[in-house]
2 protein chains.
Amino acid sequence: MSALPTTSREWHLVARPNGVPRPQDFALREVPVAQPGPGQILVRNLHLSVDPYMRGRMNDVKSYVPPFQLNQPMDGGAVGVVVAVGDDSPAGSFAVGDHVLHGLGWREYALLDAAHAVKVDAGNAPLSTYLGVLGMPGLTAYAGLLRVAEFHEGDTVFVSGAAGAVGSQVGQIARLKGAKRVIGSAGSDEKVQLLLDKYGFDAAFNYKSGPVAEQLKAAAPDGIDVYFDNVGGDHLEAAIGALNVHGRAALCGAIAQYNATEPAPGPRNLALAIGKRLTLRGLLVSDHNDLQQQFVEEVGGWIRDGKLHYEETVVEGIENNVEAFLGMLRGDNTGKMVVTLPAQAAIDN
Amino acid sequence: MSALPTTSREWHLVARPNGVPRPQDFALREVPVAQPGPGQILVRNLHLSVDPYMRGRMNDVKSYVPPFQLNQPMDGGAVGVVVAVGDDSPAGSFAVGDHVLHGLGWREYALLDAAHAVKVDAGNAPLSTYLGVLGMPGLTAYAGLLRVAEFHEGDTVFVSGAAGAVGSQVGQIARLKGAKRVIGSAGSDEKVQLLLDKYGFDAAFNYKSGPVAEQLKAAAPDGIDVYFDNVGGDHLEAAIGALNVHGRAALCGAIAQYNATEPAPGPRNLALAIGKRLTLRGLLVSDHNDLQQQFVEEVGGWIRDGKLHYEETVVEGIENNVEAFLGMLRGDNTGKMVVTLPAQAAIDN
């Protein structure tokens, strides 16, 4: 085994953002690395996830995940390589060199209980995909479309934020499962083109080019049956207007509102849900871990067969982790936004 | 058979209301009564229904029921007695003297196809109850709570407009089915007292006495699992705030908005539905006719056993039909609002 690191850099939240986070709300700090104790492993992170839900954790409010603490390391999904194992690590669990998925991102080295890590196979799929298409965003798309929105063959589906990690997968799963028509919105003409050319959407529009309601109506003249909401705001209002009788909306995200400092007005047309008997249902991936096995088999198969396309936007280096996060909130990414750290193969392997 | 009428009075919509309807938007007109043709019956109405959904039909917009036409008779639920039957009325259908439920209210005499009437038993329950507790509002409450809101034993339930025809029944069905706690809102202290004393609610508040969100929080310190919405507006926003994880809301009405001339802002906290995985689902009674038999048996049994209480607010005379409707929109009624016409027994029976 190579020499173990003595220090690691990690990102701390140092001020709670008011509105759009500023770089000075964060600090990259160098801290000592402890050796793994009994049952622990030390992991050198290779890929770090930045996800929309992290913005909510920067506020000091009760939510489904606890807020980040000031002057403490932030956390989030990460994939890395085990570089040290505690003395009495559980039998058959981890060895140095294993690749693992775990929850202590935003840092170079992670010390954690072995029970909180899951082994992943670098030979099966690129390691970064366990943060995206085969990871939490992928399961969100799969469970959200098929279970929460109760998608059925023949449905017309509209996805907002459709070039993102979740949205691009929702649209493709809908297509592969026999949707009548798949429509997506995105924030640039380049992304719209990608939806049409690479992800196989039937129609797509740039929501910055005109009112969402009008563009959706033009793209879905017969209305929609399912709406997968990553955006909230005027997207949700437009979708409520376009949903057909007994239509369903999976509420997955409201990125339009994450930086809001005032409560945003809700959809003014929500009363339409009565006459059209719409169902709006919130979605958290953690409710759907029972679908994990089925998800990995089905989506993994589509990827191997070249039927499901995915993109990643890779930012290099721990020092750019905050900028990657802010860029993701702005919509700079196409597909899953990942921060990749140097392999340092010569040191650790 | 007694002499048949030659004229009938009926209410026409003569102007589309803008905001709160005015008496001059309606006209009571005397029209000739035709004799029933083949397959038809002539009914003298005894009880006429006024319901919140009728306000929507006064606007010229596409909705789940078509709008009332100007200078044509309005319609709605009614119970009456058959006074004449067409020559070749279907065998075994109706005889003079039968009591029937049908859809041609807002008038003294109704001429209709026998196929559009349902026989009701005056010996089983008072005839007016077929417009209320055993009728459309009752089935709305029953299907809305048990199917749309997926009520389970042990749930805490909040009902808005709880002294109304639907709301009072929702609260009682919840209690009879094993709710942990039943909370209602109403628009006067007298109604609040009625909820506590007669309908067996565990807690109730007057929504005109203070902010709904604060009063609901005081009445439901542990949150709510089910919300049955008859009101919309700040009630819905307060309920979204109070709903527990995996809570469900049946969206039945939005009486707060029926007279609005501008789109009302939606709930500003709808994004909470994501983290709490709430389900909001619209409800129209016409989707649930398959529950009709089960509903009449179960609710009829509760009424016979004295377990389910109902109230009616009765307004006398066809000339007061509009005033009854406007009073119902204002919340003047307690329980089902019914317009009762003179029995005229000496003439027709």
List the pair-distance distribution P(r) of segment B:225-349, using every Cα-Cα distance, as the percent of pairs falling in each 5 Å bin from 0 up to the bin containing the longest distance, rounded to whole percents.
2, 9, 12, 13, 15, 18, 15, 8, 4, 2, 1, 1, 0, 0
Once each part is reduced to its C-alpha centroid, what is the distance from segment A:255-306 to segment B:162-235 in angstrom?
31
Can you give me the relative contact order of segment A:193-349 as a percent, contacts being Cα pairs under 8 Å and 6 or more apart?
16
Residues of segment B:66-109 with amide N under 17 Å of a point placed 7 Å along Cα→Cβ from B:V314
B:78-81
If a paramagnetic tag sat 7 Å from the Cα of B:E153 along the Cα-Cβ line, which residues of segment B:221-240 would have the backbone N under 19 Å from that point?
B:225-226
Using a Gaussian network model on chain A with a 10 Å cutoff between Cα atoms, which of A:L176, A:L139, A:L104 fluctuates the most?
A:L176
Report the B-A buried area as the accessible area lost on both sides summed, probe 1.4 Å, in Å² to the nearest 100.
2200
Quick one: with label points 7 Å out along Cα→Cβ, list the inter-copy distances for A:D113 in nm, shortest first?
6.9
What residue in chain B has the Cβ closest to the axis turning B into A, and how close is it in whole Å?
B:G266, 1
In whole angstrom, how far apart do the alpha carbon centroids of segment A:31-108 and segment B:317-345 sit?
67
At 7 angstrom along the Cα-to-beta-carbon line, where would the label on A:E316 sit relative to the other copies? Give the distances in nm, shortest first.
9.1
Going by a ≥ b ≥ c, the root eigenvalues of the Cα gyration tensor, does segment B:136-304 fall in the rounded group (a/c under 1.5), the prolate group (a/b larger than b/c) or the oblate group?
rounded
Of the accessible area of the protein assembly as shown, computed with a 1.4 Å probe and all protein chains kept, carbon and sulfur make up a percent value of 51
Would you mind giving the three semi-axes, in whole Å and largest first, of the ellipsoid equivalent to the protein assembly as shown according to its Cα gyration tensor?
60, 26, 22
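How crowded by other chains is A:280-290, given as the mean number of beta carbons from other chains within 10 Å of each beta carbon?
Details: counts 9, 9, 14, 4, 5, 0, 1, 3, 0, 0, 0.
Whole-number average of other-chain Cβ neighbours for A:280-290 is 4.
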Taking each label point as 7 Å beyond Cα in the direction of the beta carbon, state the distances from A:K177 to the same residue in the other copies, shortest first, in nm.
2.8
With only Lys, Arg, Asp and Glu charged, each at its Cβ (+1 for the first two, -1 for the last two), find how big the charge dipole of segment B:136-304 is about the Cα centre; round to the nearest 20 debye.
180
Hey, got the dipole for chain A? About the Cα centre, +1 on K and R Cβ, -1 on D and E Cβ, debye to the nearest 20?
800
Hull surface over four for the Cα convex hull of chain A, reported in nm², is 17.6
Anything over 30 Å Cα to Cα? Flag those among B:K119/B:K307; A:K62/A:K217; A:K62/A:K336; A:K198/B:K62, in the order listed.
A:K62/A:K217; A:K198/B:K62
Segment B:1-147: C-alpha gyration tensor shape, a/c 1.5 cut-off, then a/b vs b/c
oblate
Which one, A:A239, A:L13, A:N124, is farthest towards the positive end of the dipole of the protein assembly as shown when Lys and Arg carry +1 and Asp and Glu -1 on their Cβ?
A:L13
Considering only B:G164, B:G138, B:G233, give the residue with the highest GNM mean-square fluctuation for chain B, with springs between Cα atoms whenever their separation is below 10 Å.
B:G233
Mean accessible area per residue over the protein assembly as shown (1.4 angstrom probe, all protein chains present, square angstrom) is 41
For the pair B:T261 and B:E30, how long in nm is the line joining their label points, each one 7 Å along Cα→Cβ?
3.6
Using unit Cβ charges (K, R positive; D, E negative) and no other charged atoms, how large, in debye to the nearest 20, is the dipole of the protein assembly as shown about its Cα centre?
500
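The values are calculated or read from the model by the stated rules, or taken from the named source; none is laboratory data. Note that the coordinates shown come from a computational prediction; the quantities given were computed from them, not determined experimentally. Here the Cβ is made from the backbone with ideal geometry for all residues, glycine too, and neighbour counts use every protein chain on show. Note: accessible area is taken over every heavy atom of the protein model, side chains too, but ligands, DNA and RNA are not part of it. Shrake-Rupley method; radii C 1.70, N 1.55, O 1.52, S 1.80 Å.
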